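Student: Would you mind keeping the following structure in view while I ask a few things?
The values are calculated or read from the model by the stated rules, or taken from the named source; none is laboratory data. Here the structure is a predicted model, which is why all the values come from computation and not from measurement. No Cβ is skipped: glycine too gets one built from the backbone with ideal geometry, and neighbour counts run over all protein chains shown. Heads up: the accessible areas ignore ligands, DNA and RNA and are worked out on the full protein's heavy atoms, side chains in. Shrake-Rupley method; radii C 1.70, N 1.55, O 1.52, S 1.80 Å.
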Amino acid sequence: MVKIGYRTAKTAIGTALSISIAQLAGLHNFASAGIITILCIQVTKKRSLQTAWARFVACVVAMLFSYIFFRGIGYYPFTVGLLLLFFIPTTVWLKVNEGIVTSSVIILHLYAARQFAWSIIFNELLLIVIGMSVALLMNMYMPSVEKKLKEYQRIVEDLFRIILKEIVRYLRTNETDWDGKELPLAAEILQQAKQLALRNVENRMLRYEDEYVHYFRMRERQLEIIERVLPLVTSLTYTVEQRMMIADFIDKLSDAIHPGNTADRFLRELYDMRKRFETMPLPKTREEFEERAALLHLVKELEQYLIIKSQFGISERKK
């Protein structure tokens, strides 16, 4: 069964509404109002407003060019081509090139009319205003994505928990049968989640960022650290006491993965653990020395991992 999305429904309803209004108003070429509505309905409120503005400016410029070329040269097919030759680069320069298609329709209307009169200009302006206004009205409704964002958040946290648990398992047992499939999956989910969060921001006209955008960006940075430390972890082969202490620490850290800010507590624990390392006997063999040096590097990476989460908590409190 074919599924009809909300954007498709809005486009269908909006097109019918704009054509009806233009037809009831007695406008010539009333169907063009529907074309403008189709072109102006976008995936977000912000995009829809930007597109409508670009098309309106482009249409006004198109009328000005039409007046200059048609009155100056005449109503010939090659005049239309010459007009577009200058008009299209102008819209690109003005950064309103999204309006080229809509403006071309207006140009062809004026060409077909073969005259310039205020009634014709007024007719075209009304078509533009009706088509864009209906599109903006349709785009005022945007379904909430809060539930989907929370689901992405849960999935990401579950994947992080699995990855950290596997690191703990290796540190404790040296077992390496994990296939690591959660890493690319986490990266893919984060990309999808960030795109949805950014789209959600564009539907809030007066807000530029929100907690979900910050959250998923924070997790992306943490995932980069995890990917960086995995080769370091798998290079560890010699068992020392510090290794088990770090495993216990990461195990507790994996159980505390959630949107709330627990980073400060874990940073303090990490600091205390490093202090304990300093009081422990010096390594007696080369292997132990190399192992403890690698573990110290791992601790520093864990510190960066926690600092990123701590900074996320600070940015949230400032809102």
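Student: Within region 200-230, work out how many residues are surrounded by fewer than 19 Cβ atoms within 10 Å (Cβ to Cβ), in a helix (DSSP H, G or I) and either at pLDDT below 80 or among the polar types (S, T, N, Q) (or both).
Tutor: 1
Student: Okay, moving on. If I go through region 142-162 residue by residue, how many of them are in contact (Cβ under 8 Å) with a residue 60 or more places away in the chain and either surrounded by fewer than 18 Cβ atoms within 10 Å (Cβ to Cβ) or in a loop (DSSP other than H, G, I, E, B) (or both)?
Tutor: Residues flagged as in contact (Cβ under 8 Å) with a residue 60 or more places away in the chain and either surrounded by fewer than 18 Cβ atoms within 10 Å (Cβ to Cβ) or in a loop (DSSP other than H, G, I, E, B) (or both) within region 142-162 amount to 4.
Student: Taking into account only those residues within region 98-141 that are among the charged types (D, E, K, R) and buried (at least 17 other Cβ atoms within 10 Å of the Cβ), which is farthest from GLY81 (Cα to Cα)?
Tutor: GLU124
Student: While we're on this one: LYS165 - would you say it is assigned to a helix (DSSP H, G or I), out of contact with any strand residue (DSSP E or B) (no Cβ under 6 Å at 6 or more places or on another chain) and modelled with pLDDT under 90?
Tutor: No, not satisfied.
Student: Can you tell me how many residues in region 47-59 are more than 25 Å from ALA16 (Cβ to Cβ) and surrounded by fewer than 17 Cβ atoms within 10 Å (Cβ to Cβ)?
Tutor: The total comes to 0.
Student: Quick check on my filter: what residues within region 77-104 are out of contact with any Leu (no Cβ under 9 Å at 6 or more places or on another chain) and either in contact (Cβ under 8 Å) with a residue 60 or more places away in the chain or part of a loop (DSSP other than H, G, I, E, B) (or both)?
Tutor: Across region 77-104, the qualifying residues are LEU94, LYS95, VAL96.
Student: Could you tell me whether any residue of region 81-101 is modelled with pLDDT under 90, touching a helix residue (DSSP H, G or I) at 6+ places or on another chain (Cβ under 8 Å) and of a type in the set (Lys, Arg)?
Tutor: Scanning region 81-101, I find at least one residue that is modelled with pLDDT under 90, touching a helix residue (DSSP H, G or I) at 6+ places or on another chain (Cβ under 8 Å) and of a type in the set (Lys, Arg), so the answer is yes.
Student: Which of the residues that make up region 239-264 are open to solvent by 60 Å² or more (accessible area, probe 1.4 Å) and within 17 Å of LEU159 (Cα to Cα)?
Tutor: Scanning region 239-264 gives LYS252, ASP255, HIS258.
Student: Determine, yes or no, whether TYR305 is under 24 Å from the mean Cα position of the chain (by Cα) and aromatic (Phe, Trp, Tyr).
Tutor: Considered against the rule, which asks whether it is under 24 Å from the mean Cα position of the chain (by Cα) and aromatic (Phe, Trp, Tyr), TYR305 comes out as yes.
Student: Against the conditions (1) in contact with a Leu (Cβ under 9 Å, 6 or more places away or on another chain); (2) closer than 23 Å to PRO143 by Cα, where does LEU39 fall short? Just the number, please.
Tutor: Looking at each condition in turn, LEU39 falls short on (1).
Student: Here's a follow-up. Mind listing whichever residues of region 154-177 are more than 20 Å from LYS252 (Cα to Cα) and of a type outside the set (D, E, K, R)?
Tutor: THR176
Student: Okay, next question. Which helices (runs of 4 or more DSSP H) does region 231-319 wholly contain that include 2 or more residues that are out of contact with any Gly (no Cβ under 6 Å at 6 or more places or on another chain), without any contact (Cβ under 8 Å) to a residue 40 or more places away in the chain and aliphatic (A, V, I, L, M)?
Tutor: Per the criteria, 263-279, 286-317.
Student: For the list (1) open to solvent by 20 Å² or more (accessible area, probe 1.4 Å); (2) part of a helix (DSSP H, G or I); (3) under 28 Å from SER20 (Cα atoms); (4) of a type in the set (A, V, I, L, M, F, W, C), I need the number of the one condition that PHE65 fails.
Tutor: Tallying (1) open to solvent by 20 Å² or more (accessible area, probe 1.4 Å); (2) part of a helix (DSSP H, G or I); (3) under 28 Å from SER20 (Cα atoms); (4) of a type in the set (A, V, I, L, M, F, W, C), PHE65 fails exactly one: (3).
Student: So is SER235 open to solvent by less than 10 Å² (accessible area, probe 1.4 Å) and either under 16 Å from ILE162 (Cα atoms) or modelled with pLDDT under 90 (or both) or not?
Tutor: No; evaluated as a whole, the condition is false for this residue.
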